[in-house]
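Peer 1: Submitted below is the structure of interest, expressed as structure tokens.
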Amino acid sequence: MTSKQLKDMDEALLEQHETRPAPKDRESHGPSLLTLTGFGFLTFNSGMAVYRSNGDLSAISFVGFSYLVLVMLFYCVRCYERTPAESPRREQLKMAVWLLTTMLTAAFSYKVAAIMPFPLQVLVWAMAGATILGGFYAFFLHEEGTKA
């Protein structure tokens, strides 16, 4: 395909997206069964991890921190998806999502690096840093209309 054909296809897809009706608002219905099942699974596993920690305060703290951050992350993503594109609150929610994912990345990297030899610790932290910086670039610096 030529670049002109690809450009025409991109424009047609954009027009189709703009004319597609918005999904029905589900705020009055509450969370879906799949969402409730996922949170039930997360809660059960977190509870089992705390139970199996044998009173290890650092393990209990890690599980509690991870659980709370995940719940806040899901809530912020849900709010972000429901907020109109022109709302200034959307940028605040985007920042909250990035901060929460950064906190999870750092926490899990810390736990994984703790059981690795030094060269792999460096690799784990380098990958975590690349993920965090890549997320920042994607969320705040990358323009949606540009192509690589």
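FYI, it's all coordinate maths here, none of it is from the lab. Given the structure is predicted, the values throughout are model-derived calculations rather than measurements. No Cβ is skipped: glycine too gets one built from the backbone with ideal geometry, and neighbour counts run over all protein chains shown.
Peer 1: Being touching a Ser or Thr at 6+ places or on another chain (Cβ under 8 Å), part of a helix (DSSP H, G or I) and under 27 Å from His142 (Cβ atoms) is true for just one of Leu123, Leu104, Leu99, Leu70. Which residue is that?
Peer 2: Leu104
Peer 1: How about region 31-55: which of its residues are surrounded by 12 or more Cβ atoms within 10 Å (Cβ to Cβ) and part of a loop (DSSP other than H, G, I, E, B)? Spell out how you get there, then give the answer.
Peer 2: From region 31-55, those surrounded by 12 or more Cβ atoms within 10 Å (Cβ to Cβ) are 31, 35, 38-39, 42-43, 45-47, 49-50, 53; that's our starting set.
Correct list: Pro31, Ser53.
Peer 1: Moving on. Do we find a residue being within 18 Å of the chain's Cα centre (by Cα), assigned to a helix (DSSP H, G or I) and of a type in the set (Lys, Arg) anywhere in region 83-90?
Peer 2: yes
Peer 1: With Ile132, Ile115 as the choices, which residue is out of contact with any Asp or Glu (no Cβ under 9 Å at 6 or more places or on another chain) and closer than 19 Å to Tyr80 by Cβ?
Peer 2: Ile132
Peer 1: I need the full set of residues from region 82-94 which are touching a residue at least 12 places away in the same chain (Cβ under 8 Å) and loosely packed, with under 14 Cβ neighbours inside 10 Å, in order please.
Peer 2: Matches in region 82-94: Arg82 only.
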